[in-house]
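Colleague: Below you'll find the structure I mean.
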Amino acid sequence: MSDSEPIRLTELSHGGGCGCKIAPAVLKDILADLPPAFADPALLVGNESSDDAAVYQIDGDQAVVATTDFFMPIVDDPFDFGRIAATNALSDVYAIGARPIMALAIVGMPIDKLPVAVIQQILAGGVAACTAAGIAIAGGHSIDAPEPIYGLAAMGLVAPERIKRNNTAKAGDVLILGKPLGIGILSGALQRGELDAAGYAEMLETTTQLNKIGTALGEIDAVHAMTDVTGFGLLGHLLEMCRGSGLAASVALDALPILPTAHRLAKAGAGTGAATRNWASYGHEVRLPEDIIAWGQSMLCDPQTSGGLLVACAPGEADSVLGQFHDSGFASAARIGEMMAGEAEVGVLSGTTES
């Protein structure tokens, strides 16, 4: 590659963003026969419910939150890639109701393919996202890797009684989604060279918006459960909430917030391989209406990178919680469904219109 030829980061990796996560069914098989973890009574949240972060109680007033997230490029601009990856990693801290306090960088770069200046821009994007979150990147680890990889190990603090888990929803809870769907479809269009400037602007705006509201939601008793929607798609992460809570859920397809360009591309037949893999993993736990619009299933499974918070809250406080989302800059936040008694599954409602 010559010095004058622009570098497309997405061409250096086989997948991008949270779309390169291992498929849910494959991950389940990988983890199935692991020996039981050490039983530590101070570990308040571990891996038993596929929650967003681990939580360790250090005294009666505070618990430490720890999580890690990294992936390959979802965009070609190195600074934007760094911002998106760091924003995505911090989301897991917010999803538990915590406040981030610092992060460590996770860096894998093909040193023979990327100039130093490009790698510096990726790291600078991560610093920009963490600065916006009010925390420092205090160090990290780097390796020479065949594909570009960037992300964070992020840490936070939360009062033990304010932890929001993904397995504590209650029957009757209203489901609120904080960000619009469609990132997987947009990233696929970008890789094919089919995404216009307006679509890229939509993609960048939502993937770099910090889910800071999660810290405030952690203070609300009426918020019973919370998670963020990432690589497994809306259905995948909602099913984790259903399984953990021992409940069913319903989602109204017509109520879903969707990025305008992604909506248009989906209606034209665009989809992703990751969405197909997601559906193959958990489609047997989903009830779709016979008259579902053609693109609906793909959108429900679309892998999100730095996606929105999914909140289960008491119905009497749903308007207040939704108002907090809107007041915090999440203009597309919407009620999308509810939790209900029943076996762990998701029923999809309506969706016959093409609007």
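Colleague: Using bins 10 angstrom wide from zero, how does P(r) for segment 89-248 break down, in % of all Cα pairs?
Modeller: All Cα pairs considered, the percentages come to 10, 30, 35, 20, 5, 0.
Colleague: Using amide H atoms built in the peptide plane, which far-off residues or other-chain residues are under 5 Å from Arg165 H to H?
Modeller: So Arg165 has HN proximity to Met226.
Colleague: Tell me, what is the per residue accessible area of segment 1-135 in Å², probe radius 1.4 Å?
Modeller: Roughly 49 Å² per residue, with all protein chains present.
Colleague: Then there's this: In square nanometres, what is one fourth of the surface area of the convex hull spanned by the alpha carbons of segment 80-155?
Modeller: Projected area, direction-averaged: 4.6 nm².
Colleague: Okay, moving on. State whether the chain is rounded, prolate or oblate according to the following rule on the C-alpha gyration tensor (a ≥ b ≥ c being the square roots of its eigenvalues): a/c under 1.5 gives rounded; otherwise a/b larger than b/c gives prolate, and the remaining case gives oblate.
Modeller: Oblate, since a/c reaches 1.5 and b/c is not below a/b.
Colleague: Give me the one-decimal Kirkwood hydrodynamic radius in Å for segment 190-265, with the sum taken over alpha-carbon pairs.
Modeller: 15.1
Colleague: Starting from segment 294-343, pick out the GluC sites (Glu not before Pro) whose DSSP state is loop and whose Cβ has at most 10 other Cβ atoms within 10 Å. Could the numbers behind the result be given before it?
Modeller: Details: sites: Glu317, Glu338, Glu343; in loops: Glu343.
Answer in residue order: Glu343.
Colleague: List the aspartates and glutamates whose Cα lies under 12 Å from the Cα of Lys179, skipping any in the same chain that are fewer than 8 positions away.
Modeller: Hits, sequence-local ones excluded: Glu202, Glu205, Asp228.
Colleague: Now for a different question. Which cross-chain or sequence-distant (5 or more) residues have an amide H under 5 Å from the amide H of Asp77, H modelled 1.01 Å from N in plane?
Modeller: none
Colleague: Taking Cα pairs under 8 Å and at least six residues apart, what relative contact order does segment 145-304 come out at, in percent?
Modeller: The normalised contact order for segment 145-304 reaches 38 percent.
Colleague: Next question. With Rg and the Kirkwood Rh both taken from Cα atoms, where does Rg over Rh land for segment 264-355?
Modeller: Across segment 264-355, the Cα-based Rg/Rh ratio is 0.98.
Colleague: I've got another one for you. Bin width 10 Å, alpha-carbon pairs only: give the P(r) of segment 209-313 as whole percents, running from 0 to the bin holding the largest distance.
Modeller: With 10 Å bins starting at 0, P(r) equals 13, 45, 33, 9, 0.
Colleague: Can you compute 3J(HN,Hα) from phi for each residue in segment 154-165, using the Karplus curve 6.51 cos²θ - 1.76 cosθ + 1.60 with θ = phi - 60°, rounded to whole Hz and x for Gly and Pro?
Modeller: Karplus-based 3J(HN,Hα) across segment 154-165 equals 10, 10, x, 10, 7, 6, x, 6, 9, 5, 10, 9 Hz.
Colleague: Per the Cauchy relation, a quarter of the hull surface: what is the mean projected area of the convex hull of the alpha carbons in segment 29-174, in nm²?
Modeller: Details: hull surface 45.3 nm².
For the Cα atoms of segment 29-174, the hull's average projected area reads 11.3 nm².
Colleague: Just to verify a number: FRET efficiency for Ile30 and Ile111, C-beta to C-beta distance, R0 = 51 Å, to 0.05? Display every interim value, and only then the final one.
Modeller: On the way: r = 29 Å, r/R0 = 0.58.
After rounding, the FRET efficiency stands at 0.95.
Colleague: Which order do the peptides 288-294, 76-82, 33-39 take when ranked by the mean count of other beta-carbon atoms within 10 Å per residue, highest first?
Modeller: Averaged packing, sorted descending, gives the order 76-82, 288-294, 33-39.
Colleague: Could you pull the Cα extents of segment 149-209 along its three principal axes, largest to smallest, in whole Å?
Modeller: 47, 33, 16
Colleague: Of all accessible surface on the chain at a 1.4 Å probe, what whole percent is carbon and sulfur?
Modeller: With neighbouring chains kept in place, the figure for the chain is 56 percent.
Colleague: To check you understand DSSP bridge types, tell me what percent of the beta bridges within the chain (both residues inside) are antiparallel, rounded to 5.
Modeller: About 75 percent, rounded to the nearest 5.
Colleague: Within the set Lys28/Lys113; Lys164/Lys267; Lys28/Lys267; Lys170/Lys212, which residue pairs have Cα atoms separated by over 29 Å?
Modeller: Lys28/Lys113; Lys164/Lys267; Lys28/Lys267
Colleague: Residues of segment 202-246: accessible area per residue at 1.4 Å, in Å²?
Modeller: 25
Colleague: Quick check: pseudo-label points 7 Å beyond the Cα along Cα→Cβ at Asp319 and Glu161, how many nm apart are they?
Modeller: With each label point 7 Å from Cα toward Cβ, the separation is 2.9 nm.
The values are calculated or read from the model by the stated rules, or taken from the named source; none is laboratory data. What you see is a predicted model; the values in this text were computed from it and never measured. For neighbour counting, all protein chains shown are included, and Cβ atoms are generated from backbone atoms with ideal geometry for every residue, glycine included. Note: accessible area is taken over every heavy atom of the protein model, side chains too, but ligands, DNA and RNA are not part of it. Shrake-Rupley method; radii C 1.70, N 1.55, O 1.52, S 1.80 Å.
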